[in-house]
Amino acid sequence: MNFSKLPLTQAMLTNLDTLGYKKMTPIQDAALPAVLEGKDVMAEAKTGSGKTAAFGIGVLHNLDVKKFRVQSLILCPTRELADQVAKELRRLARFAHNIKILMLTGGESFGKQLGSLSHQAHIVVGTPGRVLKHLNKESLDLSNLNTFVLDEADRMLDMGFIEEIESVLSFMPKERQTLLFSATYDGEVKKVAKEFLREPVIVKTTADELPNEIEEIFYACSDKLNTFVKILAQKKPKNVIIFTNTKLEAKELAEKLIEKKIDALAIHGDLEQYERNDVLVQFANGSTPILVATDVAARGLDIKELSMVVNYDLPHTEETYTHRIGRTGRAGAKGIAITLYSTYEMEKVEPYKSSEKRLFLEADTLPEAKGFEMKPEFVTLVIEGGKKDKLRAGDILGALTGEAGLQGKSIGKIDIYDKQAYVAIAGDVIDRAYKYLKDGKIKNRKFSIWQL
Ligand code: ADP
Ligand code: MG
């Protein structure tokens, strides 16, 4: 299970150790030997099991850094997922200088991507539509490609990307390594694996892993909103994702919760990229305890330690149910999954009763939640400066704990992007932090600051 048993360079091993990757996860242990041998691999393992490194280490190991051409393409279903993969790859690539990883996803400026492509890259991480557009316009050349990775293959097929993927494949050399990663391995994925992979090594770890410990409760209720509030008051979860089936409902539910003094934000397809990012950052850093989401919008969201998942609307399929609730109870912590249904949805709930560990209760058994409020632990400040300004977390932390006199514990997560940084500040000292950053300097420079 140690990375050192793999034929990796010492620099790579040292970096893995620095990242805190002391041992391989089961899927890495199962897939990496074949990946490093250059074989085609079809790997199945559930979300959060370390699939990115299972292909990422292989992709980086096989890279010829001196050859400044696209040698690997990784396709992901959404830009959030592509972003996560690119971030993980960059962490894994720290052992070497000058490995250029480029993101090509929709929702970003095409022209800017053209510019980046003209400077070449070693690895492209992208979404099918945008990658195809670049291929068609000949701004992306895959003739030097040696590894193709299809990440989250099942979601990709769910989202109907099959044609785009096939077109993208037509631009690649036939002689290549293809790696397919998926959280499930059903008929559809099998079919695609057969079509795209050559004599693949098939690895799966889903059966070996400990199942997440999740308490599943279904509540029959006439008033979903009030039932939800009562559940919050009773279970006091730290953070909750609540799913609705439509984006309109997501928006409305967040508004209704705020009216009830329960802090919430909605994430749905209508948001601009920057708005989505603002919402995701605030949820992940504890600046809002509740995220109202649609399935599509929640794709790729990787929040560690999620205490509760709620199905405000019954999911359309049991598969979606499993996918939704699988986000809680990760990393050994116990999670709670609540499903609310109205009396006229009795029939739809019936199939869920086949599992004995699920509890079916009536909402009127829940105690009243008088005066219950839910406030976030932190407030997010945005600093208009980021990596491009060479701003680091340490600079921000230094400014706040130095002259502003804040205690380290009042400062939460710091996320630094190219042009912006987000800092989570404890609610009771937010005014002081804001004033200091607004009037003072970070790294001897003035930056615009605002509060989300
Ligand atoms: P998946 O793609 O299977 O959903 P990820 O690749 O996103 O999972 O990995 C989940 C988390 O586990 C990430 O935060 C990653 O940094 C971490 N991780 C991956 N491999 C290891 C390892 N060998 N040891 C410790 N943490 C790891
Ligand atoms: Mg993944």
| task | Consider only pairs whose beta carbons are under 7 Å apart and that are at least six residues apart or on different chains; among these, list those whose first residue lies in the range 45-60 and is free of Cβ contacts under 8 Å to residues at least 40 places away in the same chain and under 14 Å from L73 (Cα atoms) and whose second residue is assigned to a helix (DSSP H, G or I) and near ligand 2 (Cβ under 10 Å from one of its atoms). | result | G56/E88
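Output the residue which, of all residues in the range 362-387 that are farther than 21 Å from Q451 by Cα and of a type in the set (D, E, K, R), is surrounded by the fewest Cβ atoms within 10 Å (Cβ to Cβ).
Let us first name the residues in the range 362-387 that are farther than 21 Å from Q451 by Cα, namely 362-373.
Those left that are additionally of a type in the set (D, E, K, R): 362, 364, 368, 370, 373.
Numbers: E362: 10, D364: 12, E368: 10, K370: 6, E373: 12.
In this case the residue turns out to be K370.
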| note | Filtering the range 266-286 for residues that are surrounded by fewer than 20 Cβ atoms within 10 Å (Cβ to Cβ) and in a loop (DSSP other than H, G, I, E, B) leaves a count of 5
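I'd like to check something: does the range 177-184 contain any residue that is more than 16 Å from ligand 2 (Cβ to nearest atom), more than 18 Å from the chain's Cα centre (by Cα), under 26 Å from N277 (Cβ atoms) and not assigned by TED's automatic domain parsing to the domain that holds A297? I'd like the intermediate steps shown before the answer.
Within the range 177-184, the first condition is being more than 16 Å from ligand 2 (Cβ to nearest atom), and the residues that meet it are 177-178.
The next check asks that each one be more than 18 Å from the chain's Cα centre (by Cα); those that pass are 177-178.
Okay, now just the ones that are also under 26 Å from N277 (Cβ atoms), so none.
The answer is no; no qualifying residue exists.
Name the residue, out of E403, E373, that is modelled with pLDDT of 90 or more and either on the phi < 0 side of the Ramachandran plot or assigned by TED's automatic domain parsing to the domain that holds D439 (or both).
Values: E403 fails: modelled with pLDDT of 90 or more.
Exactly one residue qualifies, and that residue is E373.
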| request: Working only within the range 264-275, note down all residues that are touching a strand residue (DSSP E or B) at 6+ places or on another chain (Cβ under 8 Å) and either β-branched (V, I, T) or at pLDDT below 90 (or both). | output: I267, H268
| Pairs where the first residue, in the range 351-365, is at pLDDT 90 or above and the second is assigned to a helix (DSSP H, G or I), C-beta under 7 Å, 6+ apart | P351/E318; R358/Y352; F360/K353; A363/T227
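Name the one entry in V309, V279 that is away from ligand 2 (no atom under 16 Å from the Cβ) and either touching a residue at least 24 places away in the same chain (Cβ under 8 Å) or in contact with a helix residue (DSSP H, G or I) (Cβ under 6 Å, 6 or more places away or on another chain) (or both). Before you say what the answer is, go through the steps one by one.
Values: V279 fails: either touching a residue at least 24 places away in the same chain (Cβ under 8 Å) or in contact with a helix residue (DSSP H, G or I) (Cβ under 6 Å, 6 or more places away or on another chain) (or both).
Residue meeting the stated conditions: V309.
Among the candidates K247, K256, K260, K230, single out the residue that is out of contact with any strand residue (DSSP E or B) (no Cβ under 6 Å at 6 or more places or on another chain) and open to solvent by less than 60 Å² (accessible area, probe 1.4 Å).
Numbers: K247 fails: open to solvent by less than 60 Å² (accessible area, probe 1.4 Å); K256 fails: open to solvent by less than 60 Å² (accessible area, probe 1.4 Å); K260 fails: open to solvent by less than 60 Å² (accessible area, probe 1.4 Å).
None of the others qualify; the one that does is K230.
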| Among (1) more than 16 Å from ligand 1 (Cβ to nearest atom); (2) of a type outside the set (V, I, T); (3) crowded, with 17+ Cβ neighbours inside 10 Å; (4) modelled with pLDDT of 90 or more, which single condition is D151 missing? | (1)
| request: Please verify whether the range 99-112 includes one or more residues that are touching a Cys at 6+ places or on another chain (Cβ under 9 Å) and more than 16 Å from ligand 1 (Cβ to nearest atom). | output: yes
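Test V189 against the criterion of being buried (at least 19 other Cβ atoms within 10 Å of the Cβ) and either within 16 Å of K46 (Cα to Cα) or at pLDDT 90 or above (or both), and give yes or no. Give the steps one after another, and end with the answer.
Values: buried (at least 19 other Cβ atoms within 10 Å of the Cβ): yes; either within 16 Å of K46 (Cα to Cα) or at pLDDT 90 or above (or both): yes.
It is true that V189 is buried (at least 19 other Cβ atoms within 10 Å of the Cβ) and either within 16 Å of K46 (Cα to Cα) or at pLDDT 90 or above (or both).
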| query | Within the range 38-54, is even one residue within 14 Å of ligand 1 (Cβ to nearest atom) and either outside the structural domain of D154 (by TED's automatic domain parsing) or more than 18 Å from A153 (Cβ to Cβ) (or both)? | reply | no
| said: Contact list please: Cβ distance under 6 Å, first residue in the range 6-35 and of a type in the set (D, E, K, R), second residue in a loop (DSSP other than H, G, I, E, B) and away from ligand 2 (no atom under 16 Å from the Cβ), pairs at least six apart or on different chains. | reply: K23/M1; D29/M1
| query | For V131, which of the numbered conditions (1) open to solvent by less than 20 Å² (accessible area, probe 1.4 Å); (2) more than 14 Å from ligand 2 (Cβ to nearest atom); (3) not in a helix (DSSP H, G or I) fails to hold? | reply | (3)
| query | Which members of the range 1-18 meet the condition of being open to solvent by 40 Å² or more (accessible area, probe 1.4 Å) and either among the hydrophobic types (A, V, I, L, M, F, W, C) or near ligand 1 (Cβ under 7 Å from one of its atoms) (or both)? | reply | M1, A11
| Looking only at the range 30-59, and only at residues there that are within 18 Å of H122 (Cβ to Cβ) and away from ligand 2 (no atom under 16 Å from the Cβ), the one that is farthest from the chain's Cα centre (by Cα) | G38
| So, of the residues in the range 303-361 that are in contact with a Gly (Cβ under 8 Å, 6 or more places away or on another chain) and over 28 Å from L248 (Cβ atoms), which turns out to be surrounded by the fewest Cβ atoms within 10 Å (Cβ to Cβ)? | A331
| message | Against the definition (part of a loop (DSSP other than H, G, I, E, B) and either within 16 Å of ligand 1 (Cβ to nearest atom) or of a type in the set (A, V, I, L, M) (or both)), how does M156 come out, yes or no? | response | no
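The values are calculated or read from the model by the stated rules, or taken from the named source; none is laboratory data. Given the structure is predicted, the values throughout are model-derived calculations rather than measurements. Because the Cβ atoms are built from the backbone with ideal geometry, glycine has one as well, and the counts that use them run over all protein chains shown. Calculation scope for accessible area: heavy atoms of the full protein, side chains included, ligands and nucleic acids excluded. Shrake-Rupley method; radii C 1.70, N 1.55, O 1.52, S 1.80 Å.
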